[in-house]
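The values are calculated or read from the model by the stated rules, or taken from the named source; none is laboratory data. These figures come from a predicted structure and were not determined experimentally. Heads up, the Cβs are rebuilt from the backbone with ideal geometry, glycines too, and the neighbour counts pull from every protein chain shown. Heads up: the accessible areas ignore ligands, DNA and RNA and are worked out on the full protein's heavy atoms, side chains in. Shrake-Rupley method; radii C 1.70, N 1.55, O 1.52, S 1.80 Å.
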Amino acid sequence: MTTAATGGTVPVPPGPGKRKSVTGTRKLVAAGFLLPALVLLGALVVYPIGFSVYRSFFDKSGDSFAGLDNYVEIFTDDTILTAVQNNAIWVVVAPTVATALGLIFAVLTERVRWGTAFKLIVFMPMAISMLAAGIIFRLVYEQDPDRGVANAVWVGVHDTFNESAGFPNAHPLPVHPLKPAGGGAFITKEPVSAGSVVQLPLVGVPPAKMPSDAVPAKAPAAEDGHITGTAWLDFTKGGGGKPNVIDTQELGLPGITVEAVKDGKVVASAKAGADGTFSLPAAADGAQLRLPEANFREPYNGVDWLGPSLVTPAIIGSYLWMWAGFAMVLIAAGLASVPRELMEAARVDGANEWQVFRRITVPLLAPVLAVVMVTLMINVLKIFDLVFIIAPGSSQDDANVLALQLYRSSFGTDADLGVGSAIAVLLLLLVIPVMLFNVRRMRKETRR
């Protein structure tokens, strides 16, 4: 544009129409870049959520409108209600304990010379998949102490302080001088007298299961005023032995308890030696000799870790083994940013280590602890793999969780997609508050 005064030109700014076209172009470019992500988000997230909500209001076949019946069934069906209760236990216990262990490990490894190596060992289970961890702990919790590590340790500790029975399944033959006394005990058919020698033969103990200190049995000599005898395994390898006769290859039953009983009361007792011999005082004269049931009870096989009462805590233990390292690494990273001057000032003022930890370390780590807690809470709400792999079929209902019940309700010959969709919606509703809390916390951290 040319002015009259100067004869020059003055640039004219673009009009409103041009501005709009540039802005519109930018929006179109942005939409073009976002479109693939939005399509994937809609196909993989929005549509499944919407369809699950829609399907949850229909019956098993999907043809009839069921209203809220599927949601009512969640809180009335015993199996699904157990899953809801177990999920509550998981959400409260697992994140809290994992965070506490991570905090303890993070603080202590700062004072350990080989702290880095310790962190590596604790964090290493995170490299294992849930499936592999489930298989590992299924073996760890095996009932047989010869296979399950947990029961091998437990039985070892138990047998250190409590003597176990040595002869389970042992019993007399009909030709033996013993008869059942009730409750798994055996008693002589006739009373015994002082100065006599009594034979207490038994069978039913595999030679391979005999105590290592057992030696060939022998008949003791008679003693005036005492009752002597032998308790032995009346069995000869390869056959050829005679019942009620101590053959040369037959072993004594070391440690077996023999009681003298009169009128239902124990008047004397003794334990057999390595060769099965025992001696009772004159008080046993006229009594019947009894082998109490304690000699024959089944050996202690440890704890039923995967039984109905302990299966959920056992699985939570395997989860902690995996995720305590995750918590430790995040908390250790936060701990590295804590000002050391504050801790040193507190120590100079006379605070002990516990006070420094409780009054300074934990409050300063509160944001990190919140991140770990929220992350683990979201994680345990959808726990599935460990429960599905570790819990045996006999106690899977007792260990049931919502994600597992979702799988069981949605797949298989007896699937009910209405109930399965309702469980999926319930899981979504449980996760949303936790996610909102996490978003608000992140926004607060950003403003700082």
Legend entry - Point-to-point label distance, V53-V215, nm (Cα→Cβ direction, 7 Å offset): 8.4 nm
Legend entry - Convex hull of segment 159-273 built on C-alpha atoms - directionally averaged projected area, nm²: 8.2 nm²
Inset, instruction - Once you have all Cα-Cα distances for segment 147-189, histogram them in 10 Å bins from zero and send the whole-percent values. - result: 23, 31, 22, 21, 3
Inset, instruction - Of the options F235, V245, G62, report the single residue whose Cα projects farthest towards the positive end of the charge dipole of the chain (beta-carbon charges: Lys, Arg +1; Asp, Glu -1). - result: G62
Inset, instruction - With all protein chains present, calculate the accessible area of H226 using a 1.4 Å probe and round the result to the nearest 10 Å². - result: 70 Å²
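Probe radius 1.4 Å, ligands and nucleic acids ignored: give me the carbon and sulfur share of the accessible area of the chain as a rounded percent.
Numbers: 16320 of 25320 Å².
C and S atoms contribute 64 percent here.
Kindly sort L101, L289 by accessible area of their heavy atoms, largest first, with the probe set to 1.4 Å.
Details: L101 55, L289 0 Å².
Ranked from most to least accessible, the order is L101, L289.
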Inset, instruction - Select from segment 19-102 those chymotrypsin sites (Phe, Trp or Tyr not before Pro) which occupy a DSSP coil region and have at most 15 other Cβ atoms within 10 Å, ordered by residue number. - result: F75
Inset, instruction - Quote the charge dipole size of segment 211-295 about the Cα centre in Debye, to the nearest 20; the model charges only the Cβ of Lys and Arg (+1) and of Asp and Glu (-1). - result: 120 debye
Legend entry - Ratio Rg/Rh, restricted to segment 200-338 and using Cα atoms, in which Rh is the Kirkwood radius: 1.36
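Using a simple charge model, +1 on the beta-carbon of Lys and Arg, -1 on the beta-carbon of Asp and Glu, nothing else, what dipole does the chain show about its Cα centre, in debye to the nearest 20? If you can, show how the numbers build up before the last one.
On the way: 35 positive and 36 negative charges, 672 e Å.
So the magnitude is around 3220 debye.
Report the extension gain between R113 and E353 in nm, rounded to one decimal, defined as 0.36 nm multiplied by the number of residues separating them, less their alpha carbon distance. Before the final figure, lay out each step's value.
Values: separation 240, 0.36 × 240 = 86.40 nm, distance 1.85 nm.
Computed gain between R113 and E353 is 84.6 nm.
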Inset, instruction - Give the accessible area for E293 in Å² (nearest 10); use a 1.4 Å probe, count only protein heavy atoms, and leave out ligands, DNA and RNA. - result: 90 Å²
Legend entry - Helix axis angle, 417-447 relative to the chain longest principal axis, alpha carbon, degrees: 60 degrees
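What is the Å³ per residue value for the convex hull set by the Cα atoms of the chain?
Values: hull volume 146.8 nm³, N = 448.
Per residue, the Cα convex hull of the chain comes to 328 Å³.
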Inset, instruction - Please list the radius of gyration and Dmax for segment 107-232, considering alpha-carbon atoms only, with Å as the unit. - result: 26.0, 74
Inset, instruction - In Å³ and rounded to a whole number, note down the convex hull volume per residue for the Cα atoms of segment 24-165. - result: 299 Å³
Legend entry - Top positive-direction residue, dipole computed over segment 339-448 with Cβ charges, set F388, P339, L426: P339
Legend entry - Long-range amide H partners of T228 with built H, under 5 Å: G195, S196, V198, E223, L280
Inset, instruction - Can you find, among N438, M373, L402, the residue farthest towards the positive end of the dipole of segment 344-448? Put +1 on the C-beta of Lys and Arg, -1 on that of Asp and Glu. - result: N438
Legend entry - Ellipticity estimate at 222 nm from DSSP helix runs (n ≥ 4, -39,500 (n - 2.57)) divided over the chain, nearest 500: -15000 deg cm²/dmol
Legend entry - Under Karplus coefficients 6.51, -1.76 and 1.60, residue-wise ³J(HN,Hα) of segment 60-74 in Hz, glycine/proline x: 4, 7, x, 8, 10, 6, 10, x, 9, 4, 5, 6, 5, 5, 4
Inset, instruction - Please give, to one decimal in nm, the separation of the simple spin-label points placed at L40 and V72, each 7 Å out from Cα toward the Cβ. - result: 4.3 nm
Legend entry - Segment T23-K179, extension gain: residue separation times 0.36 nm, minus the distance between their alpha carbons: 45.9 nm
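Given the Cα-Cα distance of D144 and A100 and 0.36 nm per residue of separation, how much length would full extension add, in nm? Each step should come with its number before you reach the end.
On the way: separation 44, 0.36 × 44 = 15.84 nm, distance 3.21 nm.
Between D144 and A100, full extension yields an extra 12.6 nm.
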Inset, instruction - Sticking with the crude label model, points 7 Å out along Cα→Cβ, report the distance from R297 to K237 in nm, one decimal please. - result: 3.2 nm
Legend entry - Cβ-placed point charges (K, R +1; D, E -1), dipole of segment 105-245 about Cα centre in debye, nearest 20: 440 debye
Inset, instruction - Report the relative contact order of the chain, percent, no decimals, based on alpha-carbon pairs under 8 angstrom and at least 6 residues apart. - result: 22 percent
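Based on DSSP, what percent of beta bridges with both residues in the chain are antiparallel, to the nearest 5?
Working: 24 of 30 bridges.
Approximately 80 percent, going by the DSSP bridge assignments.
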Inset, instruction - Would you please give the FRET efficiency between F65 and S129, computed as 1/(1 + (r/R0)^6) with r the Cβ-Cβ distance and R0 = 51 Å, to the nearest 0.05? - result: 0.80
Inset, instruction - Provide the convex hull volume over Cα atoms per residue for segment 299-448, in Å³. - result: 158 Å³
Legend entry - Solvent exposure of the chain as accessible area per residue, Å², 1.4 Å probe: 57 Å²
Legend entry - Computed FRET value (nearest 0.05) for A345 with F384, which takes r as the C-beta separation and R₀ as 41 Å: 0.30
